[in-house]
Amino acid sequence: MTPRICILYTGGTFGMKPSAAGYAPDGGLEAALATTLPAAGKDGMPAWDLVEYDRLIDSAEAQPADWHTIAADIAARYADYDGFVVIHGTDTMAYTASALSFALQGLRKPVIVTGSQIPLCEPRNDARNNLTSALLIAARYPVPEVGLFFHDRLLRGNRATKVASADFAAFDSPNHAALARVGINIDINAAAVLPMPRAEHFQVVEPGTQEVAVLRLYPGLSSARLQHLLAPPLAGLVLQTYGAGNGPVAMPGFLDALAAASARGTVIVNLTQCQRGGVDQAKYATGSALAGAGVVGGGDLTVEAAVTKLHHLISCGLEPDAVRRQMPLPLCGECSEPA
Ligand code: ASP
């Protein structure tokens, strides 16, 4: 039987049209896809249905509530399809892919987020290829996780990050091997794919109203500025530190600001600014001092995975200490097991 895939169209460059102000989201994608995509059954192409969102957005406008809408829409249709493809803007695609991976735990069918750098309406575009490959993988390969397909690779969604604003190869997954490569053949890297879970246990939890912030350390940051950012009611902070997880801990007021926020219940997660590798707070005195101030090491999480994981765990109602314990432990392949 021809597999059936549900395509959720949320916006992004993929379906945009030129306007006086630059590319802007546009609807009516179903008709364009019907004339563009290979017919169902041809060369393994699945049949598909399209859900076009009423509010099509540039993904720069995406908010946590939008991640929840997509997760709930997939969960509501889960039994009716062999897999799902989400068409999304590239700017915050890695956040959405990460958020979906936490919301759809125990997934047993592929959910592949994709988009493009040039809209489908342009004569030269990467939209058609990206969508065709995403559909073929979703239909033919039982990858039981949220993936992000771009250019020629399927990446784990919660390991992916946007690395290029003008290349067709716009995404990378610096700390995890690609799940698949698409050339003349589609090669699945089975060793990199999550095992098939025994049962789904979706937790499509309503997003809370908590605020989660990101701060990248830089020489010149003042303790006053840090204290200002940490002011209540901040629930979580992703602190991007130097190298293996180091910060200016000798600066007067720096550790005090972090320790006071931790004591108030703000979960502060230490991630490296480096593209590859992770945090080991025990390696240097400048890192272990952060641990002493209540900062938890986030291992090799991406910023996108850390932000969405914080939102997910806090929205699940976990207390700050429970969130701190969970942050370095993989829930769905988003980070390596702590050493
Ligand atoms: N600004 C666009 C978006 O994220 C960029 C893209 O889709 O490539 O929606």
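The values are calculated or read from the model by the stated rules, or taken from the named source; none is laboratory data. Values in this document were obtained by computation on a predicted structure and should not be read as measured data. Neighbour counts are summed over all protein chains in view; Cβ atoms, including those assigned to glycine, are modelled from backbone coordinates with ideal geometry.
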> So which residues in region 21-44 are more than 16 Å from the ligand (Cβ to nearest atom), within 22 Å of GLN117 (Cβ to Cβ), surrounded by fewer than 14 Cβ atoms within 10 Å (Cβ to Cβ) and not β-branched (Val, Ile, Thr)?
Replying inline: GLY28, PRO38
> Does region 7-20 hold any residues that are over 17 Å from THR132 (Cβ atoms) and within 14 Å of the ligand (Cβ to nearest atom), and which are they?
Replying inline: THR10, GLY11, MET16, LYS17, PRO18, SER19
>> Restricting to region 61-74, and then to whatever is surrounded by fewer than 17 Cβ atoms within 10 Å (Cβ to Cβ) and of a type in the set (Gly, Ala, Ser), can you tell me which residue is nearest to the ligand (Cβ to nearest atom)?
In response: ALA65
> Are there any pairs, at least 6 apart or on different chains, whose C-beta atoms fall under 9 Å, with the first in region 202-223 and within 17 Å of TRP67 (Cα to Cα) and the second crowded, with 16+ Cβ neighbours inside 10 Å and aromatic (Phe, Trp, Tyr), and if so, which?
Replying inline: PHE202/TYR78; GLN203/PHE102; PRO207/TRP67
>> Consider region 45-60. How many of its residues are loosely packed, with under 14 Cβ neighbours inside 10 Å, in a helix (DSSP H, G or I) and not hydrophobic (A, V, I, L, M, F, W, C)?
In response: 0
>> One residue is enough: does region 97-109 have a residue meeting the conditions polar (S, T, N, Q), more than 16 Å from the ligand (Cβ to nearest atom) and more than 17 Å from HIS312 (Cβ to Cβ)?
In response: no
> Restricting the first residue to region 167-184 and requiring it to be closer than 17 Å to GLY299 by Cα, which pairs with a second residue that is of a type outside the set (A, V, I, L, M, F, W, C) and in a loop (DSSP other than H, G, I, E, B) meet a Cβ separation below 6 Å and a spacing of at least six or different chains?
Replying inline: PRO174/GLN275; PRO174/ARG276; ASN175/ASP300; ALA177/ASN189
>> Tally up the residues in region 185-196 that are in contact (Cβ under 8 Å) with a residue 24 or more places away in the chain and assigned to a strand (DSSP E or B), please.
In response: 2
> Hey, among ALA231, ALA199, ALA235, ALA178, which residue is assigned to a loop (DSSP other than H, G, I, E, B), away from the ligand (no atom under 16 Å from the Cβ), surrounded by 18 or more Cβ atoms within 10 Å (Cβ to Cβ) and of a type outside the set (Phe, Trp, Tyr)?
Replying inline: ALA178
> Are any residues in region 111-133 touching a helix residue (DSSP H, G or I) at 6+ places or on another chain (Cβ under 8 Å), surrounded by fewer than 21 Cβ atoms within 10 Å (Cβ to Cβ) and outside any loop (DSSP other than H, G, I, E, B), and if so, which ones?
Replying inline: ARG128
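Out of the residues in region 136-172 that are in a loop (DSSP other than H, G, I, E, B), among the hydrophobic types (A, V, I, L, M, F, W, C) and within 16 Å of the ligand (Cβ to nearest atom), state the one that is surrounded by the most Cβ atoms within 10 Å (Cβ to Cβ).
Ranking the candidates gives ALA160 first.
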> Quick one: would you say PRO219 is part of a loop (DSSP other than H, G, I, E, B) and closer than 25 Å to ALA282 by Cβ?
Replying inline: yes
> When the residues of region 169-212 are filtered to those that are acidic (Asp, Glu) and closer than 20 Å to LEU104 by Cα, which remaining residue is modelled with the highest pLDDT?
Replying inline: GLU206
>> Can you go through ASP280, ASP300, ASP256 and tell me which one is more than 27 Å from the chain's Cα centre (by Cα) and of a type outside the set (Lys, Arg)?
In response: ASP256
>> Based on this model, can you work out whether THR90 counts as within 12 Å of the ligand (Cβ to nearest atom), crowded, with 16+ Cβ neighbours inside 10 Å and not in a loop (DSSP other than H, G, I, E, B)?
In response: no
>> Looking at the structure I just gave you, is ASP49 away from the ligand (no atom under 16 Å from the Cβ) and out of contact with any Ser or Thr (no Cβ under 8 Å at 6 or more places or on another chain)?
In response: yes
>> Between a residue in region 246-271 that is on the phi < 0 side of the Ramachandran plot and of a type in the set (Lys, Arg) and any residue that is surrounded by fewer than 20 Cβ atoms within 10 Å (Cβ to Cβ) and not in a strand (DSSP E or B), which pairs come within a Cβ distance under 8 Å, given they are 6 or more apart or on different chains?
In response: ARG264/PRO232
